[in-house]
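For reference, the structure is listed below as structure tokens.
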Amino acid sequence: MGRRKKGDPVSGWICLDKPYDFGSTQAVGKVRWLFNAQKAGHAGTLDPLATGVLPIALGEATKTVPFMMEADKAYRFMIEWGRTTTTLDREGETTASSDVRPTVQQVEAALPAFVGEIQQVPPIYSAIKVDGERAYDLARAGETPELKARTVVIHSARVSAAPDVDHVEIEIECGKGTYVRSIVRDLAETLGACAHVSALRRTRVGPFGEDRAITLENLENLGHKAALPEVLLPVETALDDIPALAVTAEDAFRLAQGRPIVLVPRQVETLKARLTGGSRLVSAMEGDRLVALAEMRAGRLNPVRVFIQA
């Protein structure tokens, strides 16, 4: 007999509004404790100095985390002109300074070069591994790790505010692997200025946006009222771009056992019309319950991830 897991079999997503100066792992631990959940994880690290959307998976939702890691994201950040820092944010030591203060018009004219598929060198203070070690560990040890440029995609970038001559706020929508600090570094270099990120907020990760986000303080208050389940989002929230197929109780049982099911021609044609980008993944639903993620091949659905009903 296997060991009984500690905690409750809670499953679903919490769209956390992560506070400033709070680590992602720390946030996951706090949410897991509040729900007394058996398992927890997050979809995309957010720096301690950043705030905003941090999707946290509980229980069976942890099986969908890999799909969320591929999701597009949106950020709102403040650039402060005048100094460049080691970390490219306000916590780093000054490495260069300048009196140059680019105008809003100059920033707007430069931004189009940062939209689309671009080459970007990550900051040396990042979690990327170099010869088996994290770049930020090497940087803190006084080394300067050589990081190669990577292809990233930025869907849009715009100036959203300019409170004074020393600051400009920008909003972007981007694909995975994009570093805001690198954008600020490269934009400043383009404009012949020095700059760093003085504030950073993530406003969206895939289907999780600010409108769904809840603070730790509010979660704690709901915990005192035993109302936490009310803010738990369904496991399938992370799979909103994967077509769903309603299955019978009999087919749901087969899929839950890891066995394939046969589709009727009408189902095959419907799914083919809805599948995009070469994907074959389908969410098999029995009523409101996610039964499995399955791959459609040769008129059959073959389960890839099976979800246990609590």
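The values are calculated or read from the model by the stated rules, or taken from the named source; none is laboratory data. Since the model is a prediction, treat every value here as computed from it, not as a measurement. Because the Cβ atoms are built from the backbone with ideal geometry, glycine has one as well, and the counts that use them run over all protein chains shown.
Observations on the model:
Quick grid of which residues meet (1) aromatic (Phe, Trp, Tyr); (2) in the same structural domain as Ile214 (by TED's automatic domain parsing); (3) touching a helix residue (DSSP H, G or I) at 6+ places or on another chain (Cβ under 9 Å):
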| site | (1), (2), (3) |
| --- | --- |
| Ala57 | no, yes, yes |
| Thr95 | no, no, no |
| Pro102 | no, no, yes |
| Val121 | no, no, yes |
| Ala139 | no, no, no |
| Arg158 | no, no, yes |
| Pro163 | no, no, no |
| Glu169 | no, no, no |
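- Residue in region 292-302 that is modelled with pLDDT under 90, under 27 Å from Cys15 (Cβ atoms) and surrounded by 13 or more Cβ atoms within 10 Å (Cβ to Cβ) present: no
- Some residue of region 50-73 being surrounded by fewer than 18 Cβ atoms within 10 Å (Cβ to Cβ), in contact (Cβ under 8 Å) with a residue 60 or more places away in the chain and over 13 Å from the mean Cα position of the chain (by Cα): no
- Count of region 143-202 residues which are in contact with a Cys (Cβ under 7 Å, 6 or more places away or on another chain) and more than 21 Å from Ile124 (Cα to Cα): 1
- Filtered by the rule that a residue be farther than 17 Å from Val53 by Cβ and part of a loop (DSSP other than H, G, I, E, B), region 184-214 gives Leu191, Gly192, Ala193, Cys194.
- Index of the failed condition, Val53 passing every other in (1) farther than 21 Å from Glu217 by Cβ; (2) of a type outside the set (Ser, Thr, Tyr); (3) modelled with pLDDT of 95 or more: (1)
- Residue within region 226-239 that is modelled with pLDDT under 90 and of a type in the set (Val, Ile, Thr) present: no
- Strands (runs of 3 or more DSSP E) (entirely within region 73-134) containing at least 1 residues that are charged (D, E, K, R), in contact with a strand residue (DSSP E or B) (Cβ under 8 Å, 6 or more places away or on another chain) and over 25 Å from Thr25 (Cα atoms): 73-81, 83-85, 116-120
- The condition of being touching a strand residue (DSSP E or B) at 6+ places or on another chain (Cβ under 6 Å) and exposed (fewer than 12 other Cβ atoms within 10 Å of the Cβ) holds for only one of Gly287, Gly258, that being Gly258.
- Number of residues in region 237-290 that are touching a residue at least 24 places away in the same chain (Cβ under 8 Å), in a helix (DSSP H, G or I), under 23 Å from Ile308 (Cβ atoms) and not acidic (Asp, Glu): the value is 7.
- Of the candidates Arg158, Arg185, Arg150, the single residue that is within 25 Å of the chain's Cα centre (by Cα) and farther than 23 Å from Gly92 by Cβ is Arg158.
- Test result for Tyr75, closer than 30 Å to Leu222 by Cα, of a type in the set (Phe, Trp, Tyr) and either at pLDDT below 95 or touching a helix residue (DSSP H, G or I) at 6+ places or on another chain (Cβ under 6 Å) (or both): yes
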